[in-house]
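Engineer: Before I ask anything, let me first share the structure, which is written out below as structure tokens.
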Amino acid sequence: MTTWITCQLGAREHYSVPRALSQTDQLYTLITDAWVDPRSPFHYLPGTVVKNLCDRYHCDLSTASVRSFTQAGILFDVGKKLSNVTGWSRIISRNQWFQRRALRQLKFIEAQLLPSQCPVLFSYSYTALSLFQYAKSKGWQTILGQIDPGLSEEKRVEKLQASHGRQYASTWTAAPTHYWQYWKQECQLADRIVVNSPWSQTALTAIGVPKEKVKIVPLAYQSPAEAKDFIRQYPAKFTQARPLRVLFLGQVILRKGIAALLEALPLLQKESIEIWLVGSTAELDFPDWVRSHPKLHWIGPIPRSEVQHYYQQADVFLFPTHSDGFGLTQLEAQAWSLPIIASRYCGEVVQHQHNGLLLPDVSSQSIAYALITCCQSPKALRQWSQQSLDMGAYSLTQLANTLQSIAHDII
């Protein structure tokens with residue numbers, strides 16, 4: 001059986017890759033920046049930042065080998081904040097810092113491996129270059145977890161900025177050229193590149209990545225135990241007293257389709273609809289009329305542990321993204337039997353008029369039409385809720401088997 005070393009900066013996908021490999025006894029170790037087990041004193045400290053840090057753990061990996069540098073990460077973040085290092089400088093600096101730390105661990109691990117052991121190194125994009133360079137020098141297999149559609153997505157966002165950036169005073173800036181140069185080297189060093197949707201595969205092959213190197217592996221997701229018996233209720237009719245509750249969850253940014261949603265508001269004026277915006281708005285400065293609009297409820301960023309409350313209380317999940325590698329929030333919504341309105345530029349979760357609606361494009365007219373359809377037909381929402389996805393297709397076991405198949409394919 002293949003031995004895997006996984007590296008990840010952050011808690012991406014709830015650690016699904018190392019969890020899947022661990023449950024099939026294939027994981028040698030997980031290298032990550034922060035790991036806070038339930039006995040840590042961090043759990044007794046106040047503040048949102050601390051709560052987010054305490055989410056950096058998963059019980060499925062309680063007996064696995066996990067190598068982290070939590071305190072060093074805190075010191076790094078504090079130092080950058082005091083030095084007023086922001087934006088891409090901070091992102092790239094953190095990516096490089098993580099690689100330096102992870103590389104030390106890889107060298108320590110390599111010294112302990114048996115001569116017969118030749119592991120697979122899995123690392124996510126933008127933090128893999130030096131790790132892959134070392135792995136290839138040792139004859140290891142390398143698999144890149146591509147977290148987004150890459151440079152193609154950047155070009156789409158640039159067009160959005162040209163159209164809406166001034167209107168909403170966006171602080172978005174394009175990544176520097178060397179950021180993409182490093183990424184292209186990662187793609188070259190990777191034996192295989194794992195993407196999570198046909199959309200991402202198309203985006204990578206469009207810039208010259210060989211199609212045979214790119215493998216589509218949908219995200220894995222394990223439903224919360226509480227979701228199993230959750231019963232979603234819909235009124236016979238949506239009214240001003242009980243409006244359609246629309247959940248927009250994630251970064252409130254142009255790429256996620258917020259401009260098209262705001263432009264749809266005049267078309268929704270007569271409808272019994274309220275929209276919950278849950279997530280960071282740091283990238284955009286919205287005008288006063290947007291902040292005070294009666295149909296918008298600004299929740300702001302919340303800890304991951306509090307997200308399920310909004311899935312439970314909403315009537316439909318709106319995901320009008322212009323580009324996403326997959327959109328894990330779609331699976332989270334479906335786990336709670338929440339119908340979805342989504343674009344076609346992400347993972348293929350929505351089956352049109354079966355468990356939600358697919359937007360023909362990301363425009364104010366399409367979003368307004370979809371929301372009005374839901375508002376005027378709670379019966380359809382109830383049916384779509386009952387026809388939510390079978391999450392078995394996104395199990396950790398399925399993910400582990402697929403990864404193992406990809407590793408065997410390299411040989």
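Engineer: Somewhere in the range 107-124, is a residue farther than 22 Å from Arg192 by Cα, of a type in the set (A, V, I, L, M, F, W, C) and open to solvent by less than 10 Å² (accessible area, probe 1.4 Å)?
Structural biologist: Looking for residues that are farther than 22 Å from Arg192 by Cα, of a type in the set (A, V, I, L, M, F, W, C) and open to solvent by less than 10 Å² (accessible area, probe 1.4 Å), one finds at least one in the range 107-124, hence yes.
Engineer: Next up: Of all the residues that make up the range 125-181, how many are among the small types (Gly, Ala, Ser) and without any contact (Cβ under 8 Å) to a residue 60 or more places away in the chain?
Structural biologist: 7
Engineer: Going by the structure shown, is Thr329 in contact with a strand residue (DSSP E or B) (Cβ under 8 Å, 6 or more places away or on another chain), outside any loop (DSSP other than H, G, I, E, B), within 26 Å of Arg304 (Cα to Cα) and open to solvent by 10 Å² or more (accessible area, probe 1.4 Å)?
Structural biologist: yes
Engineer: Of the numbered conditions (1) surrounded by fewer than 18 Cβ atoms within 10 Å (Cβ to Cβ); (2) modelled with pLDDT of 95 or more, Leu249 fails exactly one; give the number of that condition.
Structural biologist: Against the list (1) surrounded by fewer than 18 Cβ atoms within 10 Å (Cβ to Cβ); (2) modelled with pLDDT of 95 or more, Leu249 comes up short only on (1).
Engineer: What do you reckon, is Ile92 in a loop (DSSP other than H, G, I, E, B) and among the β-branched types (Val, Ile, Thr)?
Structural biologist: Answer is no for this residue.
Engineer: Turning to a different aspect of this structure: For Pro287, only one of the following conditions fails: (1) open to solvent by less than 10 Å² (accessible area, probe 1.4 Å); (2) more than 21 Å from the chain's Cα centre (by Cα). What is its number?
Structural biologist: Only one criterion in (1) open to solvent by less than 10 Å² (accessible area, probe 1.4 Å); (2) more than 21 Å from the chain's Cα centre (by Cα) is unmet by Pro287, namely (1).
Engineer: In the range 79-98, how many residues are surrounded by 13 or more Cβ atoms within 10 Å (Cβ to Cβ) and at pLDDT below 95?
Structural biologist: The qualifying residues number 2.
Engineer: Would you mind finding the one in Leu338, Leu318 that is among the aliphatic types (A, V, I, L, M), buried (at least 16 other Cβ atoms within 10 Å of the Cβ) and in a strand (DSSP E or B)?
Structural biologist: Leu318
The values are calculated or read from the model by the stated rules, or taken from the named source; none is laboratory data. Just so we're clear, the structure is a prediction, and the values are computed from it rather than from any experiment. Note that each Cβ is placed from the backbone with ideal geometry, even for glycine, and that neighbours are counted across all protein chains shown. Side chains are part of the model used for accessible areas, which takes the heavy atoms of the whole protein and leaves out ligands, DNA and RNA. Shrake-Rupley method; radii C 1.70, N 1.55, O 1.52, S 1.80 Å.
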